[in-house]
Amino acid sequence: MYRIFTFLAFALMCSFATFAQKAERNHAEKFEQLGTMLRSPNVYRTASGAPGHLYWQQKADHEIEVELNDDNQSIKGWQKVTYFNNSPDQLTYLWIQLDQNERAADSNTPKMATSSINPRMSMRQLEGIVWHDQDLGYKINAVKTMSGDDIPVTINNTMMRVDLPQPLKAGEKFEFTVDWTFNIHDRMSFIGGRPGYEFFEKDGNYLYTMAEWFPRMAVYSDFEGWQNKEFVGRGEFALTFGDYKVKITVPADHMVGSTGVLQNPEEVLSSTELDRWEQAKKSYDKPVVIRTQAEAERLEKGKSKDKKTWIFHAENVRDFAWTSSRKFIWDAMAVKQGGNDVMAMSYYGKEGNPLWEQYSTRVVAHTLKSYSAKTFDYPYPVAISVEGSNGMEYPMICFNYGRPDEDGTYTDAVKYGMISVIIHEVGHNYFPMIVNSDERQWSWMDEGLNTFMQFMAEQEWDRDYPSRRGPAHKIAPYMASDQRLLEPIMTNSENIIQFGPNAYAKPATALNILRETVMGRELFDYAFKEYSQRWMFKHPTPEDLFRTLEDASGVDLDWFWRGWFFGTDPVDISLESVSWYKLDNRTPAEKKADAKKAFDKEESYISKTYNAKDIEETVLEADPATRDFYNSYNPFTVTPEDEKAYKDFMARLSQQEKDLLNSGLNFYELKFKNVGGLVMPLIIQFNYTDGTSEVDRIPAQIWRLNETEVSKVFAKKKEVKSILLDPYRETADIDESNNYWPRTFAPSRFELFKGAAGVRGASSGDNPMKKAQRK
Ligand SMILES: [Zn+2]
C-alpha cells in the first residue's frame, strides 16, 4: 500500500517541533572525538600516529651460554647483557623479568585465582587449588659488574630490580652478567604454561620447548616508564629489542631448533644432513627432509652421554627461544621475501606424522607470503614451526599443536586446528615480535591484529576454510551475552572474563568490519600497511594504531573506536517501519475524482451495508428536487481557483522539475531503531517486485543527530516487494529477526532429548556458539 504526498515545488516545509525537555540525551555522545580518552601526542609519538622526531627505544644485547641437563630436566645459564640507555632519562635501576617464578611453589598465580568446589571436579581443577611443592622458579646465583663485583638486586615475584652502581645517563650503556639455574617443569601437567618439557613414556624421551628461559630485560618506554607489572600467567610479555649470541649445549644426539641462524652447522650436523640442508635452500616448491623419521626413531633408542654445543646468532629480536630433542624430524624449504630467501622449517616427533610432514612447513611458507603482502617483507632469515602440543610464538620460532591419533588417522578438526595454529603462531612474528606492542597491558594489540591476519591467510589457503574467528556474525553471540560478563577491548589482559572472544575474536572482527564495511579494502589495506611499516621494530600503543588508520585513510573513525574498543554495546539495528509514497502529479480534476472515491470508501461501513436496502427504499424515494437543494455544494467539483493554482504551479516548474514530477518514482520512508547501542552503517537490500534487488549503503554518521532512531527516504523507480537489513551479515547484528520488512520468521530448531543425560548436556553451556545457534 502507498500513500500520496503533496509536491511543494521543492520548497522546504519547516516543521516547528515542540522542544520538549527530554530526560535523556539522544545524541552528541557516540560521534564525539575521543579527545581525552587518548594519550596526548608528543615529540615521541605524533598526532598522526607515527613515531615522533624524538622517538627512542632501549636496546639490550645478549651473549648467553646455556646447558640443558636431560637427566634431571634442568638448565643452567650465564649471560652478559649490554643495556643501551637511548632514553633522555637517567636511570638508577633496571628491571628484569623472571618469568620462571610464576610457576614457583609460592607463586601469586594460584593465590589470585578464585576457586570453588563443584559436585563434579576435574583432577586438573583440584591440582590447581592444591598447587605444588616442586622446586620450580629461578635460582639467581649472581648478578655482577664486568669487573666481577656483585650488584644488589631485589626480587619482587616475577620481577627483579637491579640497582645500578651509578646512575646510567642518557646515551650510555651498562654491561653486567647474570648466572642462573632452574628446573624445567612438565608443561603437560596441571602447571601448564607455554614452555617446559613433554615426556614420551613409550620411548622414554623428552621434548623441550625452551622459552621464558633466561632473565629478560623489561621494557622502559616513553609511555609507561618501566613495564614491570607482575607475570601471573595470562598477560604475556613486553620485551626489548637486541642482538643475541647464544651457545646451547645439549646431548650430542639431540636436534636443536632456535631463534636465529646456526653458526656452526658443520660441527652439529652430519655430512648427509648438511647436503640435504643445501638442497633445501634451493627448494622453493616443497620441503626437503633433513633428518628423516627413520633416523629420528633410531636416535630415540640410544641416550648419548656426549654433548654438542649449537651456536645461534640473531639480530634485532625481542626474545629468543629454542627447542631440543632426540625425537626431532626436521624439514625445510626456501621462501622468497623481497630480495631475500627465508628458510621455512619444521621440527616434529614421529607422533606428528603424517600431518606434519605434509602441512607444517608449507603452512609456514604460506603464512609468510600472506602476511608480508599486507605488512612488510619478513625480515628474519628463518621461520620455524615446532610440534609442541600447544601454541606459542617467539621470534622466528613457534611451538604448535596438531597430532594425529596413534594409528595415523586424524579428523578435519585436528587438521584445520593445526593449520590455524601454525598460521597464527608464525603470524605472531609480525605482531608482536616485529611490531612490538606491550602484551602485558594489551593482549588485543597482538592477538586481535594477528587473528584478523590469520583469518585472511586461512581464506587464501582454502576458499572454504572453516575459519573460527573473523566474520562479523560469529562474534554476535559474545556481543549478546550478559553485560556483567563483558568488558571493553581496551581492558588489561588480566581483567577479562571471556578472554578468547574479547582479546582475539572481537578486535579481529572489528578490523574485518573496518576493512569490508566501514573503510573498504583499498583505504584499509593502505592504512594497515602504513601502521605495520611505521611501527616495524618499534613499540606502538593503541593510540598509534587508532591514529594511523585514520590519518592514512582520511576516514574519521573515532565513533568506531569508541563503540568497538571502548564500549561493550552490541549491534542491534531494527527496521521498524516502511512507508510507501508516490509524488502527487495529478490535475485538479483527477485529484477531486480520487477524493470522491476515497470519501465513498470511507463512508462504506458495516451498518451502511446492512441498511443499504432500507436506504434505497426510503431516501431514494424522496423528491429529487428537494434532495438537490440540500446538496447544492459539492466539494468534489473542480473550481476555477483550483485550475488557476495548478496552472500557475506548473508554469513555475523547469523542464527538469516537470520530469521529476512525472517520473513515477516510489518513495520509501524507512524508520530504524538502534536497539543494541553500537552505531553502525545501514546496509539495506531492496528486493523489487520484478525479482531484481539492489543494496544501498548508508554511513554510520546517519546516527549523528539521533543515536536511537532515524528515518531515511529512498527513491526507487521500481516497486519494492521486501527489504532486508544487513543482507551479507557484516555488522554483527545480534538480533536479525528485526531486520526484515515485511517481518518474516525463520524456523528455529530445537532438539528433542530423551532422558536426564541429554537435558544436562543441553544446559551445560560450555560452548556459547552452540548455545546461541540453538537459541
Ligand atoms: Zn596468539
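The values are calculated or read from the model by the stated rules, or taken from the named source; none is laboratory data. Not measured: the values here are computed from a predicted model. All Cβ positions, even for glycine, are placed from backbone atoms using ideal geometry, and neighbour counts span all protein chains on display. Ligands, DNA and RNA are excluded from the accessible area calculation, which covers all protein heavy atoms including side chains. Shrake-Rupley method; radii C 1.70, N 1.55, O 1.52, S 1.80 Å.
What the table below lists for this structure:
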{"read-out": "Within straight-line cross-link reach of Lys658, lysines at Cα separation under 17 Å, skipping those fewer than 8 residues along the same chain", "value": "Lys582, Lys647, Lys717"}
{"read-out": "Packing rank of 408-417, 53-62, where each peptide gets the mean count of other beta carbons within 10 Å, highest leading", "value": "53-62, 408-417"}
{"read-out": "Listed peptides 598-605, 193-200, 294-301 by packing density, highest first (mean Cβ within 10 Å)", "value": "193-200, 294-301, 598-605"}
{"read-out": "Greater than 27 Å apart at Cα, pairs in Lys111/Lys506; Lys327/Lys415; Lys286/Lys307", "value": "Lys111/Lys506; Lys286/Lys307"}
{"read-out": "Theoretical FRET efficiency, 1/(1+(r/R0)^6), r = Cβ-Cβ of Leu34 and Leu54, R0 25 Å, to 0.05", "value": "0.55"}
{"read-out": "Cα-projected label distance for Thr692 with Gln134, points at 7 Å along beta-carbon direction, nm", "value": "6.9"}
{"read-out": "Computed [θ] at 222 nm, deg cm²/dmol, the chain (DSSP H ≥ 4; -39,500 (n - 2.57); rounded to nearest 500)", "value": "-8000 deg cm²/dmol"}
{"read-out": "Positive-end extreme of charge dipole, the chain - chosen from Phe320, Ala715, Asn72 (charges on Cβ)", "value": "Ala715"}
{"read-out": "FRET efficiency for Arg586 and Thr409, using Cβ-Cβ distance with R0 set to 51 Å, rounded to 0.05", "value": "0.10"}
{"read-out": "Mean Cα-pair separation over length for the chain, i.e. relative contact order, pairs under 8 Å, 6 or more apart, %", "value": "12"}
{"read-out": "D_trans [Stokes-Einstein, Kirkwood Rh over alpha-carbon pairs] for segment 518-586, 25 °C, 0.890 mPa s, µm² s⁻¹", "value": "163"}
{"read-out": "Estimated FRET transfer efficiency (Asn316, Leu274; beta-carbon r; R0 25 Å; 0.05)", "value": "0.35"}
{"read-out": "Cleavage-rule hits (GluC sites (Glu not before Pro)) in segment 335-424: DSSP loop, at most 15 neighbouring Cβ within 10 angstrom", "value": "Glu406"}
{"read-out": "Cross-link pairs beyond the 19 Å C-alpha cut-off, checked among Lys282/Lys369; Lys202/Lys301; Lys592/Lys716", "value": "Lys592/Lys716"}
{"read-out": "Å² per residue, accessible surface of the chain at 1.4 Å", "value": "49"}
{"read-out": "In Hz, Karplus ³J(HN,Hα) per residue of segment 517-525 (6.51, -1.76, 1.60; θ = phi - 60°; x = Gly, Pro)", "value": "10, 8, 9, x, 4, 5, 5, 5, 4"}
{"read-out": "Farthest toward positive dipole pole in segment 348-507 [+1 Lys/Arg, -1 Asp/Glu at C-beta], among Ile497, Gly448, Tyr401", "value": "Gly448"}
{"read-out": "Inter-site label distance for Asn26 and Lys671 at 7 Å from Cα along Cβ, in nm", "value": "1.1"}
{"read-out": "Principal-axis tilt of helix 588-602 within the chain, Cα atoms, nearest 10 degrees", "value": "80"}
{"read-out": "Segment 32-148: Cα Rg divided by the 2.2 N^0.38 Å rule of thumb", "value": "1.67"}
{"read-out": "Rg to Rh, two decimals, where the chain supplies the alpha carbon set and Rh follows Kirkwood", "value": "1.13"}
{"read-out": "Prolate/oblate/rounded label for segment 357-492 (Cα gyration tensor, a/c 1.5)", "value": "oblate"}
{"read-out": "Positive-end residue of Met210, Phe537, Gly520, charge dipole of the chain with Cβ unit charges", "value": "Gly520"}
{"read-out": "Apportionment of accessible area to carbon and sulfur, segment 406-544, percent (1.4 Å)", "value": "49"}
{"read-out": "Nearest-ten-degree value, helix 412-427 long axis tilted from longest Cα axis of the chain", "value": "80"}
{"read-out": "Charge dipole (debye, nearest 20) of the chain; +1 at Cβ of Lys and Arg, -1 at Cβ of Asp and Glu", "value": "740"}
{"read-out": "Lysines with Cα under 24 Å of Lys59, excluding same-chain neighbours fewer than 8 positions away", "value": "Lys80, Lys144, Lys169, Lys173, Lys229, Lys245, Lys247, Lys538"}
{"read-out": "Orientation-averaged projected area, Cα convex hull of segment 439-496 (nm²)", "value": "4.5"}
{"read-out": "Spin-label model distance (nm) - Asp464 vs Met121, 7 Å beyond Cα toward Cβ", "value": "4.6"}
{"read-out": "Label point at Asn69 placed 7 Å out along Cα→Cβ; residues across segment 276-307 whose backbone nitrogen lies under 20 Å", "value": "303-307"}
{"read-out": "Area of Tyr380 that stays accessible when all protein chains are in place (1.4 Å probe, Å², to 10)", "value": "10"}
